[in-house]
Amino acid sequence: CKRSRQDIQPAIAFLSTRVKAPTENDWFKLTKMMCFLQATKDDVLTLEVDDSGIIIWHIDAAFAVHPDFKSHTGATMTLGKGAIQSASTKQKVNTRSSTEAELVATDDIIAKILWTKRFLEAQGVKVKQNLVLRDNQSTMKLEQNGKPSSGKRTRHFNIKYFYITDLIRNNQVAIKYCPTDDMLADYMTKPLTGAKFAHFRKLLMNLP
């Protein structure tokens, strides 16, 4: 379901955290998701690969959105149109800011980013760039410069979250800014409604 219907992955990720102590509101959300599946059962995920040779990842985080104030990581990966991979998962640690939550999100996804590049190269695909799109420029600065960019509000960050700095310097990964309105991974971090939901779902599934 996570592969063929990635559009319900955020709902599954949030509802799976409510198994131990579900409420009537959780039941309402579950039935709403099932009704959505029924209404869109004929929709299909369509994938297209362009000739750019660029793996594009969108990574985002929603800060302190869970009842225990943990944040949520979202990511999507494409080679042209439609999301080949996606992730929507509750973070394992509490963070003190949206910047820190975004840094943790990168750490959550980085192994998958590197594995995907190496897997494609092993299949004979020439990868020109492994590109990560972010909408938080403070996080980008920390990722690009590492611990030296930390100020008094970010000195407490665990050094493991700066592993990506070495990857950037070794050209294994590149970071580029993406405006929030174009951040596809925003779909994977929290429930969306209205036009924004329809827009991102169309991009995610590559629907006509």
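The values are calculated or read from the model by the stated rules, or taken from the named source; none is laboratory data. It should be emphasised that the depicted structure is a prediction, and the values quoted were computed from it without experimental measurement. Here the Cβ positions follow ideal geometry from the backbone for every residue, glycine too, while neighbour counts run over all protein chains shown. Side chains included, ligands, DNA and RNA excluded: accessible areas come from the protein's heavy atoms. Shrake-Rupley method; radii C 1.70, N 1.55, O 1.52, S 1.80 Å.
Values for this structure:
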read-out: Among the candidates 190, 202, residue that is at pLDDT below 90 and either touching an Asp or Glu at 6+ places or on another chain (Cβ under 6 Å) or among the basic types (Lys, Arg) (or both); value: 190
read-out: Answer residue from the range 115-124, given it is touching a residue at least 12 places away in the same chain (Cβ under 8 Å) and open to solvent by 10 Å² or more (accessible area, probe 1.4 Å) and is nearest to residue 11 (Cα to Cα) among those; value: 117
read-out: Of the criteria (1) in a loop (DSSP other than H, G, I, E, B); (2) touching a His at 6+ places or on another chain (Cβ under 7 Å), which one residue 17 fails; value: (1)
read-out: Yes/no for residue 96 being loosely packed, with under 12 Cβ neighbours inside 10 Å, out of contact with any Gly (no Cβ under 8 Å at 6 or more places or on another chain), farther than 28 Å from residue 49 by Cα and modelled with pLDDT under 95; value: no
read-out: The range 99-114: number of residues that are more than 12 Å from the chain's Cα centre (by Cα), modelled with pLDDT of 95 or more and surrounded by 21 or more Cβ atoms within 10 Å (Cβ to Cβ); value: 0
read-out: The range 161-178, residues that are open to solvent by 100 Å² or more (accessible area, probe 1.4 Å) and under 10 Å from residue 145 (Cα atoms); value: 169
read-out: Given (1) modelled with pLDDT under 95; (2) among the hydrophobic types (A, V, I, L, M, F, W, C); (3) open to solvent by less than 50 Å² (accessible area, probe 1.4 Å), index of the condition residue 65 fails; value: (3)
read-out: Residue tally, condition open to solvent by 90 Å² or more (accessible area, probe 1.4 Å) and in contact with a strand residue (DSSP E or B) (Cβ under 6 Å, 6 or more places away or on another chain), over the range 1-57; value: 1
read-out: Filter result (open to solvent by 30 Å² or more (accessible area, probe 1.4 Å) and charged (D, E, K, R)) within the range 125-134; value: 126, 128
read-out: Only listed residue being farther than 30 Å from residue 127 by Cβ and either in contact with a Gly (Cβ under 7 Å, 6 or more places away or on another chain) or without any contact (Cβ under 8 Å) to a residue 40 or more places away in the chain (or both), chosen from 46, 17, 23; value: 23
read-out: Complete set of residues in the range 183-202 that are in a helix (DSSP H, G or I), in contact (Cβ under 8 Å) with a residue 12 or more places away in the chain and either acidic (Asp, Glu) or open to solvent by 80 Å² or more (accessible area, probe 1.4 Å) (or both); value: 186
read-out: Cross-chain or 6+ apart pairs with Cβ under 8 Å, the range 79-97 first and charged (D, E, K, R), then in a strand (DSSP E or B); value: 81/48; 90/72; 90/73
read-out: Which numbered condition residue 53 misses (of (1) over 13 Å from the mean Cα position of the chain (by Cα); (2) without any contact (Cβ under 8 Å) to a residue 40 or more places away in the chain; (3) more than 21 Å from residue 198 (Cβ to Cβ)); value: (2)
